[in-house]
Amino acid sequence: HFKWSDDIVNGLRRNILGLQVTFLPLLFITSVLIFKNENMINAGLVRLSLIVTILVITVFFYHLINPKTGLLNSVAIKKPDSIFARFQTLIFIIGLLIVLVLISLTFTGYVYTAAYMTKSLIYTIWLIFTLVFLQQMTIRWLLLVQRRYALARAYEKHQERIQKKIQANDSEKADPEFAIEFEEPEIDMVSLSADSIKLVNMMLIIFALTLLSIIWAEVLSTLVFFDKFILWHHTIIVDGTEQSLPVTIWDLGLAILVMIFTIISAKRLPAIIEIILLQSSSMNLGSRYTITTLVNYSIIGLGIFAVVNLLGAEWARLKWLF
């Protein structure tokens, strides 16, 4: 379905089989030792079991994403502009750093912390596999939609040629059961709208960041200290009383993220909306243009409102803009 090469499919099958045979028993033993026997949390057997579990995960992903000999190198070579190709080395380095941190924590006695982070890492792995599946399924859906309408256009053109032939040969009696035969147009993944694919990737990235923030909530809680650095204050009126609220570095960071999301959505969303609206045969070009334009304006308006709200502007001063 996804047009993956046989080498990647067979390689994934071998590596996942090896991971099942080694990782699942180790994970079970480590979980029992750590979470069911709190008195043995710092025992040598517990540390050894956790370290071996971490190393097994490391070996699996080393074979998968190693920038030189990894199984997924062919994907990076085939699609050099993809997110994976651009950040493959960075992902590999971050993965090694995470492993070093986990092993160091285990050796220094922070076994429960290392175990908790390992559990979060396993959830992250599941999330990555899920996102890859969703991304490939969405791209396949876009491909099928485009192919369906390419076939419809080819059929319409063929019908026009038949009508012209009948009109040119009006002296001959037209066969009412004229056989209509035409080749199915070949549409490769490259023919998909680049804007649509980029928008899908962007939405998946936002979805991934949201779930990652939940999975690693305990670790990310250390970033709350940015909320203590005040940049400026703004005044709001609540029940007729003026209140001064601070704008922090945390608010500024959120405003920047919202602004980036708004800009990308405004540029990419019309393409995928156009594909969705094409499925309605009763909707003409003008109606589709109106809907996509209004959606675009709505995204820009909501984005501006969210940014200025995070930075402390009042709604009363923004109504004219909307």
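For the reader, a short list of remarks on this structure follows.
- Members of region 55-92 that are assigned to a loop (DSSP other than H, G, I, E, B) and out of contact with any Ser or Thr (no Cβ under 8 Å at 6 or more places or on another chain): ASN66, LYS68, THR69, GLY70, LEU71, LEU72, LYS79, PRO80, ASP81, SER82
- Given (1) outside any loop (DSSP other than H, G, I, E, B); (2) at pLDDT below 90; (3) closer than 30 Å to LEU144 by Cβ, index of the condition ILE29 fails: (3)
- Among the residues listed as LEU19, LEU50, the single one being over 30 Å from GLN136 (Cα atoms) and open to solvent by less than 50 Å² (accessible area, probe 1.4 Å): LEU50
- Qualifying residue in region 116-123 (condition: open to solvent by 20 Å² or more (accessible area, probe 1.4 Å), within 24 Å of LEU211 (Cα to Cα), touching a residue at least 12 places away in the same chain (Cβ under 8 Å) and within 16 Å of the chain's Cα centre (by Cα)): yes
- Helices (runs of 4 or more DSSP H) completely within region 214-322 that count 1 or more residues being open to solvent by less than 40 Å² (accessible area, probe 1.4 Å) and modelled with pLDDT of 75 or more: 249-277, 285-310
The values are calculated or read from the model by the stated rules, or taken from the named source; none is laboratory data. Bear in mind that the values here come from a model prediction, so they are computed numbers and not experimental data. Here the Cβ is made from the backbone with ideal geometry for all residues, glycine too, and neighbour counts use every protein chain on show. For accessibility, only protein heavy atoms count, side chains too; no ligands or nucleic acids. Shrake-Rupley method; radii C 1.70, N 1.55, O 1.52, S 1.80 Å.
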